[in-house]
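The values are calculated or read from the model by the stated rules, or taken from the named source; none is laboratory data. Since the model is a prediction, treat every value here as computed from it, not as a measurement. In this analysis, Cβ positions are derived from the backbone assuming ideal geometry, glycine residues included, and neighbour counts consider all displayed protein chains.
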Amino acid sequence: MSSKDFPEFLDEFDDDDQQSNLTQTDRRLRRSSMQAKRPASKANDFFRNQDDSRSNIQFTYKAARFEEWWLLDSLGDFYEHNWISDVMSRIKGGKEASVYLCQSDAVDGTRLTAAKVYRPRSLRNLKNDGQYRNGRADLDESGRVILDDRALRAMQKRTAFGDELRHQSWIAYEYQTLQSLYAVGADVPKPFAMAKNAILMDYLGNRQNPAPTLNTVSLDVDEAKMIFDRVLHNIDLMLAQDRIHGDLSAYNILYWEGNIALIDFPQVVLLRSNPAAWAIFQRDIARICQYFISQGIEHNARNLAADLWTSYGHKIRTDVHPRDLDADKAEDRFLWEKQKGSH
């Protein structure tokens, strides 16, 4: 089996129904023996031809068949370079990526790290991805700007090769953003390494319990005020780096023993080059305020966003193009209705 056959298995892994089947043994046994044996045989042949050090990896985490293949391919570089010695468990599953708890004896004295492994093709068809990519140069797997004409045409035409490059560019932006924000003292996981389909970073939590997302946490008023101020400090640091999270909410902030960590940056927006930056920034602030209002901290999201925005000398754009809004989100519908009413 050649590597060109491997996308067949990625398609099966990426299908939600197929993924559900993998975790349900009784349903899997009902599939015909031909269906069950054919992909397993091909995949075993594929990995048998890979580097021996990868094919002999034995993880503590017992992954389903398709998931195991994807982990071997995605985390093999980390294992070979001694960034990780074991995958202990899966701590978060999602449509775009899954996060795994890893043993990392050789990483900066840290024994536990988190490996974010992107689902096959997960970032290639993000809804309204143009609003985030606008003004961003595409990056390759080394984080360098792609200048090759053939590659740029492939991305523009949305060929399979072009979509693969776009997928990698999203990952590279997340890794570079983590690097730059961590360097200036932001509350983000420390990034250790990037592979073609994964990022290895610091882990928040303990071996038994990963840090929950803030939306699942109830805070007393005093702590809520402290955490709110800390979130605003991080937003301020991002603005100083000419970046906007782009999808910031209590769902993308981890909380652990009074500390926080902002996560999930593939859609990061470059402030100065994206004409929709102000609208996206307003949305981030509105979502953050929505959570903290539920915790007893009242703030006017519009005024707060304007104060932060103008403090860096940026002008407020009064109009937002509808392509930069998401009709499925109440905040975006509100912005659009308000804009229409002002004309």
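Select from segment 192-228 the residues that are farther than 17 Å from Asn259 by Cβ and either surrounded by fewer than 20 Cβ atoms within 10 Å (Cβ to Cβ) or among the aliphatic types (A, V, I, L, M) (or both) and list them in ascending order.
The first filter runs over segment 192-228 and keeps only residues farther than 17 Å from Asn259 by Cβ, leaving 192-200, 207-208, 221.
Answer for segment 192-228, where residues must be farther than 17 Å from Asn259 by Cβ and either surrounded by fewer than 20 Cβ atoms within 10 Å (Cβ to Cβ) or among the aliphatic types (A, V, I, L, M) (or both): Ala193, Met194, Ala195, Lys196, Ala198, Ile199, Leu200, Arg207, Gln208, Val221.
Across segment 260-276, the qualifying residues are those that are touching a Lys or Arg at 6+ places or on another chain (Cβ under 8 Å) and not in a loop (DSSP other than H, G, I, E, B), and the one among them that is surrounded by the most Cβ atoms within 10 Å (Cβ to Cβ) is Val269.
Do you know which of the residues in segment 309-334 that are among the β-branched types (Val, Ile, Thr) and in a loop (DSSP other than H, G, I, E, B) is modelled with the highest pLDDT? Lay out the reasoning, then the answer.
So in segment 309-334, the residues among the β-branched types (Val, Ile, Thr) come out as 310, 316, 318, 320.
Subsequent filtering for residues that are in a loop (DSSP other than H, G, I, E, B) retains 316, 318, 320.
Details: Ile316: 84, Thr318: 60, Val320: 60.
By that ranking, first place goes to Ile316.
Selection of segment 60-75 for residues being assigned to a helix (DSSP H, G or I) and free of Cβ contacts under 8 Å to residues at least 60 places away in the same chain yields Arg65, Phe66, Glu67, Glu68, Leu71, Leu72.
Considering segment 79-99 alone, what residues qualify as being under 16 Å from the mean Cα position of the chain (by Cα) and either assigned to a loop (DSSP other than H, G, I, E, B) or under 9 Å from Tyr61 (Cα atoms) (or both)?
Within segment 79-99, the first condition is being under 16 Å from the mean Cα position of the chain (by Cα), and the residues that meet it are 90-99.
Answer for segment 79-99, where residues must be under 16 Å from the mean Cα position of the chain (by Cα) and either assigned to a loop (DSSP other than H, G, I, E, B) or under 9 Å from Tyr61 (Cα atoms) (or both): Arg90, Gly93, Gly94, Lys95, Glu96.
For segment 277-294, a residue qualifies if it is over 28 Å from Val99 (Cα atoms) and either of a type in the set (D, E, K, R) or buried (at least 17 other Cβ atoms within 10 Å of the Cβ) (or both), and the qualifying residues are Ala277, Trp278, Ala279, Gln282. Taking the conditions (1) part of a helix (DSSP H, G or I); (2) modelled with pLDDT of 95 or more in turn, Ala279 satisfies each one other than (2). Looking at segment 188-231 only, could you name the residues that are more than 28 Å from Gly76 (Cα to Cα), under 21 Å from the mean Cα position of the chain (by Cα) and in contact (Cβ under 8 Å) with a residue 40 or more places away in the chain? Listed by number, the residues that qualify are Thr213, Leu214, Asn215, Val231. Which of the residues that make up segment 167-190 are surrounded by fewer than 20 Cβ atoms within 10 Å (Cβ to Cβ) and closer than 20 Å to Glu141 by Cα? Listed by number, the residues that qualify are Gln176, Gln179, Ser180, Lys190.
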